[in-house]
Ligand SMILES: [Zn+2]
């Protein structure tokens, strides 16, 4: 859901920066303006895609972590499945 939004934004940004570069190439009077716009769009796109990738990695790791966790039957705090004793209340799981 969220990753689709990111892909859409990145695609839109790439498209707009491509259009700006296109205009800069053919429209001489405002060439420098459109060139700057194209560069700014392209750079912000790179940052956005980096963010999206970081978010994706974070989500993946969070899901993996959740799989390795369970809840302590005594205090209901999240503990590792491999834990023999709860680190919070000391009860044997
Ligand atoms: Zn506990």
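Based on a Kirkwood Rh over C-alpha pairs, give the Stokes-Einstein translational diffusion coefficient of the chain at 4 °C and viscosity 1.567 mPa s in µm²/s.
77 µm²/s
At a threshold of 8 angstrom on Cα-Cα distance, excluding pairs fewer than six apart, so keeping six or more, what relative contact order does region 48-88 reach in percent?
23 percent
Take 59, 67 and order them by how many other Cβ atoms sit within 10 Å, fewest up front.
67, 59
So what is the calculated 222 nm ellipticity per residue for the chain, using -39500 (n - 2.57) for each DSSP H run with n of 4 or more, over all residues, to the nearest 500 deg cm²/dmol?
Computed mean residue ellipticity for the chain: -24000 deg cm²/dmol.
For residue 12 paired with residue 33, estimate the spin-label separation in nm (one decimal), with each label point 7 Å from Cα along the Cα-to-Cβ line.
Placing both labels 7 Å along Cα→Cβ, they lie 2.3 nm apart.
Please work out the FRET efficiency for the pair residue 92 and residue 55, using the Cβ-Cβ distance as r and a Förster radius of 35 Å; give the result to the nearest 0.05.
Efficiency for this residue pair is about 0.35.
For the chain, modelled as a GNM with alpha-carbon contacts under 10 angstrom, which of 47, 30, 16 fluctuates the most?
30
Tell me, what is the percent relative contact order of the chain, built from C-alpha pairs under 8 Å that lie six or more residues apart?
RCO, the chain: 19 percent.
Coordinate-derived values only; no laboratory data. None of these values were measured; they are calculated from a predicted model. Note: ideal-geometry Cβ built from the backbone for every residue, glycine included; neighbour counts use all protein chains shown.
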